[in-house]
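These notes concern the structure reproduced below.
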Amino acid sequence: MKKPGVLVISHGSREPEWVRLVDEAVAAAASAPELAEVPVVSAFLEIVEGRLIQDGIDRLEEAGVTEMLVLPLFVSSGSTHVDEIGQAFGLPPVAELEGDLGVFRVNEAAIHMGTPIDDDPEIAELLLSNIKPLSINPSGESLLLVAHGSKEPVFHERWQQGLSLLAERLRELGGFAAAGTAMLLPDQAAERLRELALGQPSGDSVIVVPLFLSKGYFTNKVIPGRLAGLDYRYNGQALLPHPAVTRWLVRQMIGWLASVR
């Protein structure tokens, strides 16, 4: 008999609130009626002691799981961490960058790798709800979607592809005049903001939209620091807490269950 289980992996943080918001989203997903008999464990890439990836694997195997969905709760397939996690589960690297997680111990469960959020349509709706308080006249406003990014070949291109698609979804959904993207790695934010401001139809400030799972160091410190001295509108809202993240988790889990049962 097959017994499915789900390991949701996110990055981890020293900020308890960051961890709490992730855990609440995962717990809410696990409570969906369709997942009533499916063990779901929230684990972290680093920092959160006792809750790391190997800990999560062990918990699921102790629960008798034979088919394990590894679901990366990351915003982009361009994250080098997602590839590192895949390598540690025995998948080949997508580029020349070798991960340093070693190899995870999996005794009997078959591993099925899921995919990150990328340009999911409902996440575009979530971002629109985050910035609505900042918008006065969408048809005359421009948006700048800002995310972590990567300098590494392959990963940079993946980040850019996902960001561009998501920014265009958000622009169309909200009826905005224009939308651009910027990564913090490499440092593009200030330059891209200046470019958008020059072409802003209304002459108003550009709305800066952070694409991060939860509020923390990057939304509170890094983005404002990179844009210091520039004119823009920003409230630092992240994806969590929002039920759209839980709904995304549930959709990934249910879709996978249909393929293994």
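Kindly express, to the nearest 10 degrees and within the range 0 to 90, the angle between helix 121-131's C-alpha long axis and the longest C-alpha principal axis of the chain.
Roughly 50 degrees, rounded to the nearest 10.
Put a dot 7 Å past each Cα toward the Cβ at Glu62 and Glu37; how far apart are the dots in nm?
With each label placed 7 Å out from Cα toward Cβ, I get 2.3 nm.
DSSP loop chymotrypsin sites (Phe, Trp or Tyr not before Pro) in the stretch 130-223 with at most 15 other Cβ atoms within 10 Å of their Cβ, which ones?
Sites meeting the loop and neighbour criteria: none at all.
Tell me, rounded to the nearest percent, the portion of alpha carbon pairs in the stretch 42-136 spaced more than 22 Å apart. Before the final figure, lay out each step's value.
Working: 1750 of 4465 pairs.
Distances greater than 22 Å cover 39 percent of the Cα pairs.
I need the P(r) histogram for the chain: all alpha carbon pairs, bin width 5 Å from 0 out to the longest distance, whole percents.
In whole percents, the pair-distance histogram is 1, 6, 13, 16, 18, 16, 12, 8, 5, 3, 1, 0, 0.
Want the number for Arg20 to Leu91: 0.36 nm per residue separation, take away the alpha-carbon distance, what's left?
Result for the pair: 22.6 nm of gain on full extension.
Specify whether the C-alpha gyration tensor of the stretch 1-102 places it in the rounded, prolate or oblate class, a ≥ b ≥ c being the square roots of the eigenvalues: rounded for a/c under 1.5, otherwise prolate if a/b is larger than b/c and oblate if not. Could you put the intermediate results ahead of the total?
Values: a/c = 1.79, a/b = 1.25, b/c = 1.44.
Here the stretch 1-102 falls in the oblate category.
Does anyone have the angle between helix 155-174 and the longest principal axis of the chain? Alpha-carbon axes, 0 to 90°, nearest 10?
Helix 155-174 sits at roughly 60 degrees to that axis.
So between Asn137 and Ser202, what do we pick up on full extension, going 0.36 nm a residue minus the alpha carbon distance? Kindly include the intermediate steps, with their values, before the conclusion.
Numbers: separation 65, 0.36 × 65 = 23.40 nm, distance 0.86 nm.
Roughly 22.5 nm would be gained on extension.
In sequence order, what are the phi-derived ³J(HN,Hα) couplings for the stretch 240-251 according to the Karplus relation 6.51 cos²θ - 1.76 cosθ + 1.60 with θ = phi - 60°, rounded to whole Hz, with x for glycine and proline?
Once θ is set to phi - 60°, the couplings for the stretch 240-251 become 9, x, 7, x, 4, 5, 4, 5, 4, 4, 4, 4 Hz.
Expected output is a single nm value to one decimal: the length gained when fully extending between Leu165 and Ala190, i.e. 0.36 nm times separation in residues minus the C-alpha distance. What is it?
Result for the pair: 6.9 nm of gain on full extension.
Give the residue from Ala177, Val222, Val206 lying farthest towards the positive end of the charge dipole for the stretch 121-233; charges sit on Cβ (+1 for Lys and Arg, -1 for Asp and Glu) and the dipole is referred to the Cα centre.
Result: Val222.
Specify the angular offset, from 0 to 90 degrees and rounded to the nearest 10, of the alpha carbon long axis of helix 189-198 from the longest principal axis of the alpha carbons in the chain.
On a 0 to 90 degree scale, this one is about 40.
Normalised by the number of residues in the stretch 33-184, what is the relative contact order in percent for Cα pairs under 8 Å and 6+ residues apart?
Relative contact order, the stretch 33-184: 23 percent.
Go ahead and collect, in residue order, the members of the stretch 37-64 whose backbone nitrogen is under 18 Å from a label point 7 Å along the Cα-Cβ direction of Arg105.
Under 18 Å, as judged by backbone N against the label point of Arg105, lie 44, 49-64 of the stretch 37-64.
Above 17 Å lies some portion of the pair distances; for the stretch 198-242, what is it as a whole percent of all C-alpha pairs? Working shown, then result.
Details: 364 of 990 pairs.
Everything past 17 Å amounts to 37 percent.
Return the whole-Å distance between the Cα centroid of the stretch 169-229 and the Cα centroid of the stretch 1-47.
Measuring centre to centre over Cα atoms gives 30 Å.
Give me the mean projected area, in nm² to one decimal, of the convex hull enclosing the Cα positions of the stretch 108-204. Write out the running numbers ahead of the final one.
Values: hull surface 31.2 nm².
Its Cα hull, projected and averaged over all orientations, spans 7.8 nm².
Read-outs: derived from the displayed coordinates by stated rules, not from any lab. Keep in mind it's a predicted model, so treat the numbers as computed, not measured. Don't worry about glycine lacking a Cβ; one is built from the backbone with ideal geometry, like all the others, and counts go over all protein chains shown.
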